[in-house]
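Visitor: Just passing along the structure, written as structure tokens.
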Amino acid sequence: MSTVLQPAGAGNRRRIRRNAGAIFGAGIVGFITFVAIFAPWLAPYDPFTIDLGRRVIPPMWMEGGTPANILGTDQLGRDYLSRLIYGARVSMIIGVATVITSGIIGTFLGVMGGFYGGRVDDAVMFAITARLSIPVVLVALAVAGLLGTSFTLVILVLGLLLWDRFAVVARSTTMQIRNLDYVAAARCAGCSPMTVLLKEVLPNIATHLAVVATLEMALAILLEAALSFLGLGVPPPLPSWGLMISEAKEYMFFSPWIIMIPGIALFVLVLGVNLLGDALRDMLGTDLSR
């Protein structure tokens with residue numbers, strides 16, 4: 001009786017197909033990414049064009065709505081669908097840029113501390129402890145209040161404040177694999193510490209960092225929306241979903257759809273990112289031994 005060997009990735013692909021949450025999350029993130037990339041071609045109008053004669057028009061399926069503005073218009077007469085589409089671009093750019101910034105900082109510190117140990121690890125642990133003692137939202141509010149609001153500033157502030165989880169995971173996983181056989185073999189072969197880190201350590205902790213990246217991306221998107229809601233995030237007239245919610249709060253009792261639409265979009269995006277992160281954890285969660 002013969003046994004057919006299958007590629008190692010075949011089992012992972014089957015698990016993904018069986019995981020409805022993974023498919024749903026990947027579909028949401030993929031769709032919103034597509035919308036963000038092709039926003040200039042998908043948006044029916046310029047999201048910055050003001051028409052005070054067409055203020056707060058409801059969506060087309062409500063009384064008073066019109067097919068010319070599928071999701072209606074905001075308090076300045078700007079097309080809501082166009083602003084929602086461009087808002088996806090703002091959220092995705094901030095989420096990805098924040099993860100890249102915080103990931104580089106946290107991974108570097110965590111790998112250095114976990115690989116070298118001793119005083120290097122003590123310094124890294126002190127940095128992590130100091131970072132964990134700092135409230136992210138309060139610091140972000142203080143920086144935005146002192147330096148003003150800008151798109152770049154939001155990315156820098158969030159990137160410099162959300163690296164701790166990367167550092168903790170990178171440090172713990174590096175400490176688990178630094179004494180394994182294949183790392184010892186690379187050292188005995190005369191490889192430099194940098195070569196060992198780049199070719200042996202980083203590839204084997206990347207799966208864990210990928211899961212952390214999805215969690216941090218969702219957190220960054222929510223924090224940006226919170227800062228924009230408070231008026232200290234992305235400056236107007238950029239169509240951030242958090243800023244759209246903030247601008248619509250005065251109309252929530254009379255035209256609730258104007259605050260529900262960006263709120264639902266934000267909820268769906270964060271849900272999709274979290275579902276995708278859970279799927280990556282299930283798919284990439286492997287034993288550290290080799």
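The values are calculated or read from the model by the stated rules, or taken from the named source; none is laboratory data. The structure presented is a predicted model; accordingly, all values stated were derived computationally and were not measured. In this analysis, Cβ positions are derived from the backbone assuming ideal geometry, glycine residues included, and neighbour counts consider all displayed protein chains. Please note that ligands, DNA and RNA were not included when accessible areas were found on the heavy atoms of the full protein model with its side chains. Shrake-Rupley method; radii C 1.70, N 1.55, O 1.52, S 1.80 Å.
Visitor: Would you please name the residue that is nearest to residue 47 (Cα to Cα), looking only at residues in segment 227-244 that are surrounded by 18 or more Cβ atoms within 10 Å (Cβ to Cβ) and aliphatic (A, V, I, L, M)?
Guide: 238
Visitor: Suppose we keep only residues that are in contact with a Gly (Cβ under 9 Å, 6 or more places away or on another chain) and among the β-branched types (Val, Ile, Thr) within segment 127-160. Which one would you say is nearest to residue 113 (Cα to Cα)?
Guide: Only one residue fits best here, namely 128.
Visitor: How many residues are of a type outside the set (Val, Ile, Thr), open to solvent by less than 40 Å² (accessible area, probe 1.4 Å) and touching a residue at least 40 places away in the same chain (Cβ under 8 Å) if we restrict to segment 50-69?
Guide: The total comes to 2.
Visitor: Test residue 104 against the criterion of being more than 16 Å from the chain's Cα centre (by Cα) and β-branched (Val, Ile, Thr), and give yes or no.
Guide: no
Visitor: A further question follows. If you check 215, 158, which single one turns out to be at pLDDT 85 or above and open to solvent by 60 Å² or more (accessible area, probe 1.4 Å)?
Guide: 215
Visitor: Considering only segment 70-88, I want to know if a residue exists there that is under 16 Å from the mean Cα position of the chain (by Cα) and modelled with pLDDT of 85 or more.
Guide: Within segment 70-88 (the criterion being under 16 Å from the mean Cα position of the chain (by Cα) and modelled with pLDDT of 85 or more), the answer is yes, since at least one residue qualifies.
Visitor: Further, regarding this structure: Find the residue count for segment 70-108, including only residues that are assigned to a helix (DSSP H, G or I), over 17 Å from residue 38 (Cβ atoms) and open to solvent by 20 Å² or more (accessible area, probe 1.4 Å).
Guide: Count: 8.
Visitor: Quickly run through segment 175-190 and pick out the residues that are outside any helix (DSSP H, G or I) and either open to solvent by less than 50 Å² (accessible area, probe 1.4 Å) or over 21 Å from residue 107 (Cα atoms) (or both).
Guide: 180, 189, 190
Visitor: OK, next. For the subset of segment 109-122 comprising residues that are hydrophobic (A, V, I, L, M, F, W, C) and without any contact (Cβ under 8 Å) to a residue 24 or more places away in the chain, which member is surrounded by the most Cβ atoms within 10 Å (Cβ to Cβ)?
Guide: Among residues in segment 109-122 that are hydrophobic (A, V, I, L, M, F, W, C) and without any contact (Cβ under 8 Å) to a residue 24 or more places away in the chain, the one surrounded by the most Cβ atoms within 10 Å (Cβ to Cβ) is 112.
Visitor: Is it the case that residue 25 is of a type in the set (Gly, Ala, Ser) and either over 14 Å from the mean Cα position of the chain (by Cα) or modelled with pLDDT of 90 or more (or both)?
Guide: Against the criterion (of a type in the set (Gly, Ala, Ser) and either over 14 Å from the mean Cα position of the chain (by Cα) or modelled with pLDDT of 90 or more (or both)), residue 25 does not qualify.
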